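Below is one structure, written out as structure tokens; comments come after it.
The values are calculated or read from the model by the stated rules, or taken from the named source; none is laboratory data. What you are looking at is a predicted structure, and each value in this text was computed from that prediction instead of being measured. FYI the Cβ positions are ideal-geometry reconstructions off the backbone, even for glycines, and counts take in every protein chain you see.
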């Protein structure tokens, strides 16, 4: 594998197109810096990333490993999206204290509420470790001289990376060290983080504001969503990370972002800094087709049916609505994403464009015997392997969405099945915490109906070769009636509440007698079987996708290339920009009246519901210093051509001075194929204007202490 590595300098010293790319802050060369400067950036590369001193990267955080955030005050105040903080807000909500619905503003440090499980990571530095990973892989090859490297790479790479991570952790015992692959396995970097686990909720708007437009407007433009929430980082008295304690104090921030309320115009420089999750820009046409026709189809189908059941129960009972709010939002988000991606891939002919690129690569390596020897078989191998596994991978998609993500009680059986009956007191306490967290957001009645619906749907969607053994019982004992089967299990199992733990400890025969364990075993055994069916083809696919990435990098050495997103810190840059899709032109911002216009439709569209006090407040038009200086209106959300994806939610959007002008929260519907290919004419980043955020904190939340703390 060592011979497959391109010199990293080659990959990272290219000038980027202004509005495309998720770039590593520690690899910004002078050419790229000159491009950004030409667009309006007034900071040097060292002011963006300086591992030896203070720089802009020090105010950007990885928020809970699924979002991004930004520190905005000397006292560790963090802005992120409402949907990023949603699960924490939901955890703190009860029917009696429904802050999810009503919003929340802490009036003092003492009122700020700790959120169990939340954390933030600050990046200390990123270092290349390609040679260390390759040396470890080479030692494996030397120990197995008769085995081709492509048979070993993806079997052993995880263990090698884990071993190298441990070396870095040993050298940095108070840090979290994480190695990730870049450029399709052509390079490796380790990111070294400082992690804080005491995170407290400070402010959240109402759910109607934080999720305004709901699923109706999700991934759409124009938007009026005030998608923000406010948290604070706490540390021990010396400023070091510490678990929650009443003695902890607000973190004295190394760097915080200055908030700018001066506004911006089309063409003004804008950059987004955060932690984009995952893109597949180098994926082959075969891989794109599998994603569209295989995994996306199952997600769209199963989640649509699951959400229909959940929504019915949530609409009928506020307690259930609170329990399922976060789960529903997460499910619906990627459900609609998959719908949009499939639509955009078809309309923009993404597969056809990728096939054209692949044909060009064939012509490129066909002119050189050495290149043909290296790359000549990869397309045939990709075609064959993807073809072999299409049916099982499609079935696994339906299996995963149905049994692993759809029917919830299996998780309890999995937890208990992994524990001995004679657990000691420490393990019992730990298991109790796990189960209590599960049951807090669970309702057995909802799950029973979900099981009945999804089991029937699964049979309809897959062939008989992909049915777990539980269908033998459904057919022989219940004449194929999944509703009767589900009711039988839920009426007999002891796993529907926390008392199951005590019963597990007291009764060693529970695993043999409780019907949920038989269901769990049938599902688990089938998962093992179907995973085995796709394992061999996966190795071939992974290896040849890796080779395709390398071929692209070698062929286009003078063309800008960035690594796919992998939840490491990245910068995307460009400018404020509107767009036109078809015959419709979309302006770069939305205003207060557009929010009122949608709220007027709340009788027809539930997602446009808005409390009367908020409507009255906005109608007063007392926008004060938060009004745009050009039109004296309140601007709500705006567009840039920054390149983002999932994980960028909550990312700070900076102007050319490095001042905070907004928070990224979404992409637009017309370019939902963006994780696979970038379309500069259509792809836009949607952000909430920081002036809208501050207006609500100030005028609606009456949180003067936060406005002063931020420096206004």
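Miscellaneous remarks
- From 282, 286, 234, 244, residue being part of a loop (DSSP other than H, G, I, E, B), crowded, with 16+ Cβ neighbours inside 10 Å and within 26 Å of the chain's Cα centre (by Cα): 282
- Exactly one residue among 533, 524 is farther than 30 Å from residue 125 by Cβ and modelled with pLDDT under 90, and that residue is 533.
- Within the range 661-680, being under 26 Å from residue 214 (Cα atoms) and more than 22 Å from the chain's Cα centre (by Cα) holds for one residue alone: 661.
- From the list 394, 411, the lone residue that is assigned by TED's automatic domain parsing to the domain that holds residue 465 and crowded, with 18+ Cβ neighbours inside 10 Å is 394.
- From the list 656, 646, 662, the one residue that fits, being within 25 Å of residue 55 (Cβ to Cβ) and surrounded by fewer than 22 Cβ atoms within 10 Å (Cβ to Cβ), is 656.
- Taken together, 485, 458 contain a single residue that is within 34 Å of the chain's Cα centre (by Cα) and at pLDDT 95 or above, which is 458.
- Any hit, the range 559-571, residues being outside the structural domain of residue 189 (by TED's automatic domain parsing) and within 30 Å of residue 613 (Cβ to Cβ): no
- Screening 193, 182 for residues that are modelled with pLDDT of 95 or more and either within 30 Å of residue 253 (Cβ to Cβ) or in contact with a strand residue (DSSP E or B) (Cβ under 6 Å, 6 or more places away or on another chain) (or both) leaves exactly one candidate, 193.
- Residue 642 within 30 Å of residue 356 (Cβ to Cβ), modelled with pLDDT of 95 or more and part of a loop (DSSP other than H, G, I, E, B): yes
- Some residue of the range 302-321 being closer than 27 Å to residue 383 by Cβ and at pLDDT 95 or above: no
- Single residue of 431, 426 found to be in contact (Cβ under 8 Å) with a residue 60 or more places away in the chain and either farther than 30 Å from residue 297 by Cβ or assigned to a helix (DSSP H, G or I) (or both): 431
Rundown of residues vs (1) within 30 Å of the chain's Cα centre (by Cα); (2) under 22 Å from residue 102 (Cα atoms); (3) in contact (Cβ under 8 Å) with a residue 40 or more places away in the chain, yes/no style:
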position: 564; (1), (2), (3): yes, no, yes
position: 569; (1), (2), (3): yes, no, yes
position: 577; (1), (2), (3): yes, no, yes
position: 603; (1), (2), (3): no, yes, no
position: 607; (1), (2), (3): yes, yes, yes
position: 619; (1), (2), (3): no, yes, no
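- Taken as a whole, the structure places residue 698 among residues that are surrounded by fewer than 22 Cβ atoms within 10 Å (Cβ to Cβ) and either in a helix (DSSP H, G or I) or at negative phi (or both).
- Members of the range 316-335 found to be within 17 Å of residue 448 (Cα to Cα) and in a helix (DSSP H, G or I), listed by number: 316, 320, 321, 323, 324, 327, 328
- Residue 255, sole failed condition from (1) in contact with a helix residue (DSSP H, G or I) (Cβ under 7 Å, 6 or more places away or on another chain); (2) at pLDDT 95 or above; (3) more than 30 Å from residue 630 (Cα to Cα); (4) buried (at least 20 other Cβ atoms within 10 Å of the Cβ): (4)
- In the range 391-405, the condition of being farther than 30 Å from residue 549 by Cβ, in contact with a helix residue (DSSP H, G or I) (Cβ under 8 Å, 6 or more places away or on another chain), outside any helix (DSSP H, G or I) and touching a residue at least 12 places away in the same chain (Cβ under 8 Å) is met by no residue.
- Single unsatisfied condition, residue 420 versus (1) free of Cβ contacts under 8 Å to residues at least 60 places away in the same chain; (2) assigned to a helix (DSSP H, G or I); (3) in contact with a helix residue (DSSP H, G or I) (Cβ under 9 Å, 6 or more places away or on another chain): (2)
Listed here are the residues, each with its yes/no results for (1) more than 24 Å from the chain's Cα centre (by Cα); (2) assigned to a helix (DSSP H, G or I); (3) surrounded by fewer than 24 Cβ atoms within 10 Å (Cβ to Cβ).
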| position | (1), (2), (3) |
| --- | --- |
| 32 | yes, yes, yes |
| 38 | yes, yes, yes |
| 42 | yes, no, yes |
| 46 | yes, yes, yes |
| 52 | yes, no, yes |
| 58 | no, yes, yes |
| 61 | no, no, no |
| 65 | no, no, yes |
| 70 | no, no, no |
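Residue-wise test of (1) outside the structural domain of residue 436 (by TED's automatic domain parsing); (2) under 27 Å from residue 390 (Cα atoms); (3) in a helix (DSSP H, G or I); (4) in contact with a helix residue (DSSP H, G or I) (Cβ under 8 Å, 6 or more places away or on another chain).
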position	(1), (2), (3), (4)
476	no, no, yes, no
486	no, no, yes, yes
511	no, no, yes, yes
517	no, no, yes, yes
525	no, yes, yes, no
538	no, yes, yes, yes
542	no, yes, yes, yes
546	no, yes, yes, yes
